[in-house]
Structure formats: C-alpha cells, structure tokens
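Chemist: First the structure, which I've put down as structure tokens, then a few questions once you've had a look.
The values are calculated or read from the model by the stated rules, or taken from the named source; none is laboratory data. None of the values given here were measured: they were computed from a predicted structure. Here the Cβ is made from the backbone with ideal geometry for all residues, glycine too, and neighbour counts use every protein chain on show.
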C-alpha cells in the first residue's frame, strides 16, 4: 500500500506517532530492494506523477516475477512493458488467483492489478494516430500506457499522407470531442505529425517508428523530418511509444489541474 503522508502527519499532531517513526516509515517507502538485482523507486509517482513501470526487455523471467511479487506488496497495480507471451504464462500461473492479468500482444504490455481495484478514467481524451498499419504496435504501447495511467483515448490508424483524405473525418471527430493532446506515430519519412500539428490547436507528440528501409530507414528519416517540422511538435525517440504515453499523461494532468 502507498504511504499516506497526510494521515501520518495527522496522527503525529494527535500524538499517536513520533517523528522518528514517521521518518522510518518514509525511508521504508522510498526504495524497494528486490533480492540483489533490482532497486525500485517507490516515490516516483509522488515526485514525478507517474509510478515506476517495469521494463521487461532485457530482464530474465525470474527477475520480473521477483520484482512483480515484491511490488504488489506495495501497489495494487503493476505495469510491465516490452514483455513476451511466454513470460505472461508464468505471470498468470503465479498471480492469477488474486490478480487480474491483461496482456496486449500488439503493445507488448502486461498489466497485473488487484481484482478489487476500482479505477476511473479522467474526462480528458488523448488522440492516438498512426500513419500506417505498421506503426500500430508503437501507437498501441502509447495508448495502453495513457489508459492505464487514468485517461481516455480515441484512435485513428492508417491515415497517413499517402492517402491524406483518410485523416479528415477521424481528426474532425477528435476535434469535436475536445481532444487537445495528440500522439502521432509515423515511420518512413515521418510527415504526419507535422501535418496534424498544422490542423489542430492542441499539442502534438510525434513518435518516429522504425518502419521503412534503405537510406534513412529504421526510423532515422522519420526522426529527422519530425525534428525539422515547420509546425511546432514535441518529438520522442524512435519507437518510444511508452515515453509518448507518459508525456501525454503529464500534459493531461496539468490541463486537468488547471481546469479545477
């Protein structure tokens, strides 16, 4: 469970807990040591507004299971990115008795949450757009992150500049629904984010995707195009759907708080 600092301070004011005990509890909640391989930042959600998410890529299955097991003692939900089907089978075998386990094969994200956890979505909507079908996995990584961190999304896939007329109706719908934050994933020459930015009054986050081949392939041409966009956009690294999703959530939280 997360540390309720306000409750601790109220108990201190009433004389139910000492300053030393509060200090000890805070120290215990700063860092979680998992065996000898991982140190988890438990304060990241307080400090940065986004909880620490487990990167599955490059870790052994046993390490991820260890991390998940210890983290679930502190949190009611764990998100694992860049993961794989065979690991998900092990996670289900280990945790499915007490937790719901959802896996997106396209986004490669696994979400493990307490069966009693009740969540609600904020009213702010993030638009998710791709230029081509090949860009969908990266966009889906962003979409799942946005939704699991508490915000709604609306998507329009395969609406790139090769047939730009495909974009008009979905973009109109997004504008009518009040979308002000757009994540636009594009490979090859990466033109679409700049184009979208020239048509909306919101913030566009461009995600270059490692589709395309030959000179400037693997997302390099797309990245350079987005960095040179005439219409101002924010640009994340190649295939960085997770980063785009987190950035969109941080912006959405600022908008939400400003509207209160």
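Chemist: Among the candidates 181, 145, which residue alone is within 17 Å of residue 226 (Cα to Cα), at pLDDT 95 or above and in the same structural domain as residue 241 (by TED's automatic domain parsing)?
Modeler: Step by step, each of 181, 145 is checked, and only 181 is within 17 Å of residue 226 (Cα to Cα), at pLDDT 95 or above and in the same structural domain as residue 241 (by TED's automatic domain parsing).
Chemist: Here's something else I'd like to know. I'm trying to understand the selection: among the residues of region 109-135, which are within 30 Å of residue 189 (Cα to Cα) and surrounded by 21 or more Cβ atoms within 10 Å (Cβ to Cβ)? If you could, list the steps in order and put the result at the bottom.
Modeler: Here is the first cut: in region 109-135, the ones within 30 Å of residue 189 (Cα to Cα) are 109, 125-135.
If the condition is that a residue be within 30 Å of residue 189 (Cα to Cα) and surrounded by 21 or more Cβ atoms within 10 Å (Cβ to Cβ), then 109, 126, 127, 128, 129, 130, 131, 135 are the ones that fit.
Chemist: Here are the criteria: (1) closer than 26 Å to residue 79 by Cβ; (2) in contact with a helix residue (DSSP H, G or I) (Cβ under 8 Å, 6 or more places away or on another chain); (3) buried (at least 17 other Cβ atoms within 10 Å of the Cβ); (4) at pLDDT 95 or above. Tell me which single one residue 211 does not satisfy.
Modeler: Against the list (1) closer than 26 Å to residue 79 by Cβ; (2) in contact with a helix residue (DSSP H, G or I) (Cβ under 8 Å, 6 or more places away or on another chain); (3) buried (at least 17 other Cβ atoms within 10 Å of the Cβ); (4) at pLDDT 95 or above, residue 211 comes up short only on (4).
Chemist: Then there is this: Of the residues in region 64-78, how many are over 21 Å from residue 147 (Cα atoms) and out of contact with any strand residue (DSSP E or B) (no Cβ under 7 Å at 6 or more places or on another chain)?
Modeler: Total satisfying the criteria: 3.
Chemist: How many residues, within region 247-260, are surrounded by fewer than 20 Cβ atoms within 10 Å (Cβ to Cβ) and either out of contact with any strand residue (DSSP E or B) (no Cβ under 8 Å at 6 or more places or on another chain) or more than 12 Å from residue 205 (Cα to Cα) (or both)?
Modeler: Of the residues in region 247-260, 9 are surrounded by fewer than 20 Cβ atoms within 10 Å (Cβ to Cβ) and either out of contact with any strand residue (DSSP E or B) (no Cβ under 8 Å at 6 or more places or on another chain) or more than 12 Å from residue 205 (Cα to Cα) (or both).
Chemist: Another question, then. Within region 111-142, which residues are over 16 Å from the mean Cα position of the chain (by Cα) and modelled with pLDDT of 95 or more?
Modeler: 130, 131, 132, 133, 134, 135
Chemist: Looking only at region 1-23, count every residue that is in a helix (DSSP H, G or I), modelled with pLDDT of 70 or more and out of contact with any helix residue (DSSP H, G or I) (no Cβ under 9 Å at 6 or more places or on another chain) and tell me the total.
Modeler: Qualifying residue count for the region: 5.
Chemist: Another question, if that's okay. Look through 47, 75 and report the one residue that is surrounded by fewer than 16 Cβ atoms within 10 Å (Cβ to Cβ) and within 20 Å of the chain's Cα centre (by Cα).
Modeler: Criteria check complete, one pass: 47.
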